Amino acid sequence: MNQKRSEDKELISIFNDELIDLRDNLINMSQLVRSSLGQAIQSLIDKDRQLAQQVIDNDDKVDRMELDIEEQCLQLIALKHPVSKKLRVITCAMKAISDLERVGDRAANIAGASQYLSSKPMVKPLIDIPRMAEITKNMLQDSLDAYLRGDVDLAKAVWEKDKMVDQLNQQIFRELLTFMLEDPHTISRAIHLIFISDNLERIGDHAGNLAERVVYIVDGQRIKDKIEQKNKGN
């Protein structure tokens, strides 16, 4: 326990030193993509084409943030010559913004499908897709928190939640496939819902990617190896 607290303090001290601006920029980018995801799902629920278009338009802002943070990371490497854990923190940030940018892309994909569905009756009540979206939003928040704090336990919890997202995606696919087989008139609408579910599943993967890198920063291990070692010990 004392070792874990020491590692947490070390990561926090890194982000409270010269990397404080990088930390703030990562938080801002994460907040923007999570907001875009929430708005995309809300536009689907409310059949709000204008809100969906706002998500699509915001994707350019996410792209610009990725480029700005990437440049910031490169300058930190060139000017500060970081080594060891600090270098891993910066290189992980460069990969994290790539995942966040893809989350923004997938939120825009969901918004595009929402626009198509806005003028059509729903195939079935929206229950599992909003639930899936809420889980992935929480995963994104927790994975960034785990990264900023160096919290391996939280990172592992995020990684484990990805299984729940995968199960929901499979469940949604099976249910919608049944609708399509029973009534061919639902095919187009069902396919768009499957497309939305698939994008949410991929967002969960991106959150899991960041969580996996947290374990590498702290322990120099892959999260799968860490979990396997724990299971063997039990």
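What follows is calculated from the coordinates using simple rules that are stated; it is not laboratory data. Keep in mind that this is a model prediction, so the values were computed, not measured. In this analysis, Cβ positions are derived from the backbone assuming ideal geometry, glycine residues included, and neighbour counts consider all displayed protein chains.
How do the peptides 107-120, 58-71 rank, highest first, by the average count of neighbouring beta carbon atoms within 10 Å per residue?
Ranked by mean Cβ neighbours within 10 Å, highest first: 107-120, 58-71.
Can you give the charge dipole size of the chain about its Cα centre, rounded to the nearest 20 debye, using +1 on the beta carbon of Lys and Arg and -1 on the beta carbon of Asp and Glu? Mind dumping the intermediate values first?
On the way: 33 positive and 39 negative charges, 111 e Å.
Dipole magnitude for the chain comes out near 540 debye.
Of S30, I217, V123, which is farthest on the positive side of the dipole of the chain, counting Cα position, with +1 on Lys and Arg Cβ, -1 on Asp and Glu Cβ, and the Cα centre as origin?
It is I217, whose Cα lies furthest towards the positive end.
For the stretch 81-211, what does the equivalent ellipsoid look like in terms of its semi-axes, each the square root of 5 times an eigenvalue of the Cα gyration tensor, given largest first in whole Å? Before the final figure, lay out the partial values.
Values: eigenvalues 238, 43, 19 Å².
Working from the Cα gyration tensor, I get semi-axes of 34, 15, 10 Å.
Quick check on the chain: helices-only [θ] at 222 nm, where DSSP H runs of length 4 and up contribute -39,500 (n - 2.57) each and the sum goes over total residues. Nearest 500, please.
-31000 deg cm²/dmol
Report, largest value first, the span of the C-alpha coordinates of the stretch 102-168 along each principal axis, in whole Å.
Principal extents (Cα only, largest first): 45, 22, 13 Å.
Would you please put 88-95, 149-156, 204-211 in order of how densely packed they are, using the mean number of other Cβ atoms within 10 angstrom per residue and starting with the highest?
Ranked from most to least packed, the peptides come out as 204-211, 149-156, 88-95.
Given N residues in the chain, what is its alpha carbon radius of gyration divided by 2.2 N^0.38 Å?
It is 1.11.
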